[in-house]
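These notes concern the structure reproduced below.
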Amino acid sequence: MTATEIRVATVERVVQRRGGRRDALVQILREVQEHTGWLPRDVLAQVAAGVGLTPAVVEGVASFYRFFHLREVGRHHLLFSDNVTDRMAGSRHLARTLCRRLGIAPGQRTADGLASVDFTSCIGLGDQGPAVLVNQQRALTRLDEPRVVQLADLLRSGAPMHDWPAEWFAIDDQIRRADVLLSAPPMSGEALHATLARGADATLDEIAGSKLRGRGGAGFATGQKWRLARAAPVPEGGTRVVVCNADEGEPGTFKDRVLLTRHAEAVFEGMTVAARVLGARQGFVYLRGEYRYLLDGLREVLARRRAAGLLGHGIAGVEGFDFDIDIHLGAGAYVCGEESSLIESLEGKRGTPRIRPPFPVERGYLGQPTVVNNVETFAAAAHIAARGGTWWAGIGTALSTGTKLHSISGDCARPGVYEYPFGVTVEEILHDCGAGSAGRPVQAVQVGGPSGVCLAAHEMGRRIGFEDVPTAGALMVFDSSRDMFEVARCFAHFFAHESCGFCTPCRVGTELVRRRMDKLAEGHGSMFDAATLEGLESLLHGTTHCGLGASATNVLRDTLVRFRPAYERRLLAADFQPGFDLDAELEAARRVTGRDDPGAHLERHG
Ligand SMILES: Cc1cc2nc3c(=O)[nH]c(=O)nc-3n(C[C@H](O)[C@H](O)[C@H](O)COP(=O)(O)O)c2cc1C
Ligand code: SF4
C-alpha cells in the first residue's frame, strides 16, 4: 500500500469508528491527526465527506483549534508552555537555545522535518516548569540547559520519544497540603450507595444544604444548577446530560490535573450522583488536549467502575439506573472552558460561546438539559453525598463552604497543590508555600489566574472566599524582583491570542490592549497610551459576549492602580508618540521624489 492509500484507509477507519457522526468531528480530527501528524486539505475533504459536511465547514472547525495543524509540523512537535511563571523559570531562554541548536526559529520546522518548536499557553504544569508538550501526547518537565542540549541531539538524531530519558517525563502531583478532598481514600461507591439509600430528592437537598458553589470560577450554587436542569423538560428520545469541565485552561491552574490523577474515582462518582439526581443517562468529561497523557489512566478507572457495576446499565443493581461517561479531548482553545463553548465543542463545532438564554441547564448538549460542573465541584459533591450537606457546610465560611484547592506557582520554595478551608488568608498560604524565602519579599499575588485579581503586598491579610477574594484555583506569587508591567503584558498577550473573535469588543479590544502594552515596552509610551488603556479596560468590561472578554483586562485594571510606577516609568512623553519612527517611514517617499530638504523630514520640518 502506498502512503496515500494508508492515509485514506486510516481516515476511513476513524470516521467509521465514530459512526460518521458530525458531533464527533473534533474527536475525529484529533484521532486522524494522531495518525497523520497534520491535517492536509485532502484529509479534511475526506473527513468532510465521511461526516456529511462541506470541506469549508470542516476546515472552519479545524482552524479554530490551535492543536490542529493545517500545515505540516515536525515529526516531533514541541510546544513550550508560555505562562509568565514559565518565563520566570527561564522557558524563553531555553526555547531559544533549542531553536538555535536545531537551526530554526520558533514556529519553524527543521529542513529534515524531524522537529518543530513553538509556544503555547500554559499547559498546566506551572509547579514543575519550564515544561514542554511533545506531539500533544506527553510532557517534559523541569527543563534546564543540559536537558535542552541533550534534547536537541536526540531530536537531530531522530530518536523516538520512548528512547528519551524516562525521568524527563516525570509529572509529580506535589500535593503539599491535603484536607478533606485530597486526603480521602479512593471512592468506590460510598456516595452512590448513600444516594440510592437516601433517594434523589433528599440527595439534592443535601447538595443544596451544603451550600456548595461551583469551583470553576463563577461560583454558581451547585444545588440550584442541578435543580434547574432537573426541572427542564427533556426532548423526545433524549436525556439529561452531565458534563465535567476538565478544560483547566486558566494559566497557572493545575489542581484539576492532580484531582484527575489521584481522585478520578471521586470525580466520576460525583458525576454519577448528579446523574441519579437528574435522571441523566449520558456523561462527558471534557479533558483539555494538554492533558492527553491522562486519558489512558482515566479510561482504566472508567473500565474498573463499569466492571464494579458503578457505571453502565443497572448501576448498583438498580434497574433503569443507566449512565455512562465518555471522555472528549479538547484541542487547545482556552475559550472552550466556558460552558457554552465547551458544549459547542462537544457537538463537534467551533468553540464559539452561545447566546444565552437558553442556558445549558435548559438546552445544552444537542438541545438537552445539561449540567456543566468543574472537576473539583464533582469531587466535592461526591463527598457531600456520602457524608451529608451539614458536614460540608460546617467547613469554611458562611458564604463559602467547604475547602478549595489552590495551584501555587511562581516565586515560592514549595509550589504545588494546597487544599484549605475557605476563609484562609493569602498570608497564611504564602507562609506555607515558602514565598519570599529567597530573601526577596512578595510584591504581588495573582489569585484566580489572569482573569482573577492581582493583590499588592499590603493586601495579604485578605481572605480567600466569595465574600472577599474568589478564585478558580490559581495563585501565582511575584517577588520584588518582578516587573508587574511585564506580568500584565504577558497576560494581555494571552487574552489577545485566546479571544475567539466572535464579538468585536473582545476581538479588537484585546488586540489593542496587547499592542499598546507592547508599545510601552518598546519605549514609545505616552500619557495618551495610558489613557487609552484605561478606556479599553472599561470598554471590555461592559460590552463583550462572554466572560473571556469581560475579564481580559482585570489584570490591567489591578496593576494600573496598584503598580502605577511600573507603567509611569514607560510613559516617556506627555503627548502622543507613534509606535514607530514616522520620519524613517517617509524615506521611501523621499527617495521616489528625490527630496531630502527639511520640509521632507518630519521632525526637522516641525
Ligand atoms: C473563558 C472562560 C474559561 C473557563 N474555563 C473553565 C475551566 O477551564 N474549567 C471550569 O471548570 N470552568 C471554566 N469556566 C467556567 C465555566 O463557564 C462554568 O462556569 C463552570 O464550568 C461551571 O462549573 P462550576 O459551577 O462547577 O464552577 C470558564 C469560563 C470562561 C468565561
Ligand atoms: S468575549 Fe471574546 S472569547 Fe468571548 S465571544 Fe467575544 S470574542 Fe469570543
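Quick note: the coordinates plus some simple rules give every number you see, no bench work behind them. Worth saying up front: this structure is predicted, and the values here are computed from it rather than measured. All Cβ positions, glycine included, derive from the backbone under ideal geometry; neighbour counts span all protein chains shown.
With K and R counted +1 and D and E -1, the other residues having a Cβ less than 9 Å from that of A456 yield a net charge of -1. Under the convention that each Lys and Arg Cβ holds +1 and each Asp and Glu Cβ holds -1, the size of the dipole of the range 485-573 around its Cα centre is about 80 debye.
With a Förster radius of 35 Å applied to the beta-carbon distance between A49 and A178, the computed FRET efficiency rounds to 0.10.
What pairs in K255/K519; K211/K349; K349/K519; K225/K349; K349/K404 have C-alpha atoms more than 31 Å from each other? Violating the 31 Å Cα-Cα cut-off are K255/K519; K211/K349; K349/K519; K349/K404.
Computed over the Cα atoms, what is the radius of gyration of the chain divided by 2.2 N^0.38 Å, N being its residue count? Provide the component values of the computation, followed by the final result.
Working: Rg = 25.5 Å, N = 606, 2.2 N^0.38 = 25.1 Å.
Here the answer is 1.01, to two decimals.
Straightening the chain between T2 and H601 buys 209.3 nm, computed as 0.36 nm per residue apart minus the Cα-Cα spacing. All other residues whose Cβ lies under 9 angstrom from that of Q577 are scored, Lys and Arg at +1 and Asp and Glu at -1, for a net of -1.
Spin-label model, R21 to E300: label points 7 Å out along the Cα-to-beta-carbon direction sit 2.7 nm apart. A simple charge model with +1 on the Cβ of Lys and Arg, -1 on the Cβ of Asp and Glu and nothing else charged puts the dipole of the chain at about 660 debye relative to its Cα centre. Calculation over all alpha carbon pairs of the range 76-172 in 5 angstrom steps from 0 returns a P(r) of 3, 15, 28, 29, 18, 6, 1, 0 percent.
Based on the mean of other beta carbon atoms within 10 Å per residue, what is the order of 230-238, 422-430, 328-336, 267-275, most packed first?
Working: 230-238: 12.7, 422-430: 19.4, 328-336: 25.1, 267-275: 28.9.
Descending mean neighbour count gives 267-275, 328-336, 422-430, 230-238.
Taken about its Cα centre, the range 388-535 carries a charge dipole of roughly 220 debye when the Cβ of each Lys and Arg holds +1 and the Cβ of each Asp and Glu holds -1.
If you take every residue apart from D518 with its C-beta less than 12 Å away from the C-beta of D518, what net charge results, scoring Lys and Arg +1 and Asp and Glu -1? The partial results should precede the final answer.
Details: positive: R489, R514, R515, R516, K519, R570; negative: E486, E511, E522, D529.
Charge balance near D518 sits at +2.
Length gained on full extension, R101 to A218: 37.6 nm, using 0.36 nm per residue less the C-alpha separation.
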